[in-house]
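The values are calculated or read from the model by the stated rules, or taken from the named source; none is laboratory data. It should be emphasised that the depicted structure is a prediction, and the values quoted were computed from it without experimental measurement. Cβ atoms come from the backbone with ideal geometry, glycine included; neighbour counts cover every protein chain shown. For the accessible areas, the whole protein counts, side chains as well, though only heavy atoms, and no ligand, DNA or RNA atoms are used. Shrake-Rupley method; radii C 1.70, N 1.55, O 1.52, S 1.80 Å.
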Amino acid sequence: MHTISIQTGRPYEVLVGRGLLAGLGELTAQACPRATRAALVSDDTVAMLYGEAAAAALAGAGLSVSRFAFPHGEENKTLATYGRLLSFLARERLTRTDCIVALGGGVTGDLAGFAAATYLRGVDFVQAPTTLLAAVDASVGGKTAVDLPEGKNLVGAFHQPALVVCDTGTFATLPEEALACGMAELLKHGVIADEALFDSLAAGRPADLAAAVARSVEIKGQIVAGDERDNGARQCLNLGHTAGHAVELLSGLTIPHGEAVAIGMALVARAAHATGRCAADVPARIEAALARNGLPVRCPFDAHALAGAVLSDKKRRGDTVTLVIPEAIGRCALCPTPVGALEAFFASGLPQGGEASHGR
Ligand code: NAD
Ligand code: GLY
């Protein structure tokens, strides 16, 4: 088992290893010692796969367990589901000293985490990520949110978990596409801060992901600890996300988050090279690693459409967008960019006439 300490205002541990779900109860009881009840939150798919095991582990540690399941998918990360979850917690008489356990992917973690941040003005919660993407990104760092019809993650709160328990054995049931999406965020952490991690993943996904997940969590944890509220250095975690969110939005959310981030990372790396910010091998290595991990690198939208979509992104601050520029593998720079300059920047990372004909 790997143990990573996250040194945020309220420090916590991330545990990564195969088979950890069996110990979820004891670990939760230790991290939330005043809890007598645990609300176990999952989507329907994860509830069916791992709900019984998690509930049994929690009950085995003496916690009284209430289970809440919601239909899977980003389209259910809404105020309506959040409202139903809050009512469930109230009906189950969860108190200030009890806890919420988020068992599932990033949708579950964001939803349950936002409920934990706001129910009774804040209760403890434990993240038990079951997707690779949630393990390396969404479960760590305390960002919680739901979507509005107007955009993703527009309502949320910072609320760090009391503990993260990542049983890498749960990845065995993930579809290939979900694994690839997680690899995009893993590779992202390599590009931001660790060339050795990047190189270890560049030839494809390793059979045992625990060590890479742990290193990735360590990287994210260090960055988050230095800028918990996302006002400075944490923004480097948005590598590939400015263009990526635009791609997601323009596709009507049919291109999943991880694939969109891969497209965004490849595009920004090509643009960084075209504008003299990095050597040619940087985009070449990023594109090759993404492709070998089953991810798309060609952007199906043109620069004008991408720039227009960025205008509705919440990461825009006033009239500037902070782009994350890969200067080398393992080093990125934050580059505040006027929104008026975005289209030209994106265009420099696209072949003339766009890439639409190349498909995904
Ligand atoms: P998800 O939670 O929707 O999970 C993807 C699919 O996999 C779902 O259908 C789910 O039912 C299924 N699934 C989950 N675990 C499984 C398993 N072990 N076996 C089989 N199927 C399983 O999505 P995701 O990709 O995990 O996360 C995406 C979400 O995370 C987005 O809403 C995004 O905004 C959010 N996110 C948040 C942060 C953050 O810092 N809070 C960071 C990155 C992403
Ligand atoms: N996923 C980016 C962050 O947590 O800041």
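Find the relative contact order for segment 59-177 and round it to a whole percent, using C-alpha pairs within less than 8 Å whose residues are 6+ positions apart.
In percent, rounded to a whole number, it is 23.
Taking θ as phi - 60°, what are the ³J(HN,Hα) couplings along segment 29-41 by the Karplus curve (6.51, -1.76, 1.60), each to the nearest whole Hz, with x for Gly and Pro?
So the J values, rounded to whole Hz, are 4, 5, 6, 10, x, 8, 6, 10, 10, 10, 9, 9, 10.
What ranking of S200, S66 comes out by heavy-atom accessible area, probe 1.4 Å, highest first?
Highest to lowest solvent-accessible surface, that is S200, S66.
What distance in nm separates the simple spin-label points at A284 and A80, each placed 7 Å from Cα in the Cβ direction?
In this crude label model, A284 to A80 measures out at 5.1 nm.
Suppose R0 equals 45 Å. What FRET efficiency, 1/(1 + (r/R0)^6) with r the Cβ-Cβ distance, do L334 and E150 give to the nearest 0.05?
The pair L334/E150 has a calculated efficiency of 0.95.
Calculate one ³J(HN,Hα) per residue across segment 291-308 by plugging θ = phi - 60° into the Karplus curve 6.51 cos²θ - 1.76 cosθ + 1.60, and present them in order as whole Hz with x for glycine and proline.
Using θ = phi - 60°, the values come out as 4, 5, 9, x, 10, x, 10, 9, 9, x, 10, 8, 5, 5, 5, 4, 5, x Hz.
Give me the aspartates and glutamates in straight-line cross-link reach of K77: C-alpha distance below 15 Å, same-chain residues under 8 apart excluded.
The reachable aspartates and glutamates, counting only those whose Cα sits under 15 Å from K77, are D43, D44, D110, D147, E150.
Taking the Cα atoms only, what angle lies between the long axis of helix 210-226 and the longest principal axis of the chain, rounded to 10 degrees?
Roughly 80 degrees between the two axes.
Output the lone cysteines of the chain: those with no second cysteine's C-beta under 4.7 Å from their C-beta.
C166, C181, C236, C278, C299, C332, C335
Could you tell me whether segment 36-99 comes out rounded, prolate or oblate from its Cα gyration tensor? Rule is a ≥ b ≥ c as square roots of the eigenvalues, rounded for a/c under 1.5, then prolate if a/b exceeds b/c, otherwise oblate.
Oblate.
Nearest 0.05, what FRET efficiency do T3 and T254 give at R0 = 41 Å with Cβ-Cβ as r?
0.60
Starting from the Cα of D319, step 7 Å along the direction of its Cβ; do the same at S64; then give the gap between the two resulting points in nm.
Each label point lies 7 Å from its Cα, and together they span 5.9 nm.
Skipping prolines and chain starts, which residues have an amide H placed within reach, meaning under 5 Å, of the one on F70, given they are 5 or more residues away or on another chain?
Here S42, D43, D44 satisfy the definition.
Among all the aspartates and glutamates, which ones have a C-alpha under 14 Å from K220's C-alpha, if same-chain residues fewer than 8 places away are not counted?
Straight-distance partners of K220: E13, D137, E185, D194, E228, D230.
Could you give each residue of segment 252-268 its phi-based ³J(HN,Hα) in whole Hz, using Karplus coefficients 6.51, -1.76, 1.60 with θ = phi - 60°, and x for Gly or Pro?
x, 6, 7, 8, x, 3, x, 5, 5, 5, 4, 4, x, 5, 5, 5, 5
Check each of the trypsin sites (Lys or Arg not before Pro) in segment 1-107 and keep only those in coil by DSSP with at most 14 other C-beta atoms within 10 angstrom; list them in order.
Passing sites in segment 1-107 are R34, R93, R96.
Can you classify the chain as rounded, prolate or oblate using the Cα gyration tensor, where a ≥ b ≥ c are the square roots of its eigenvalues, rounded means a/c under 1.5, and otherwise it's prolate if a/b beats b/c and oblate if not?
It is prolate, given that a/c is not under 1.5 and a/b is the larger ratio.
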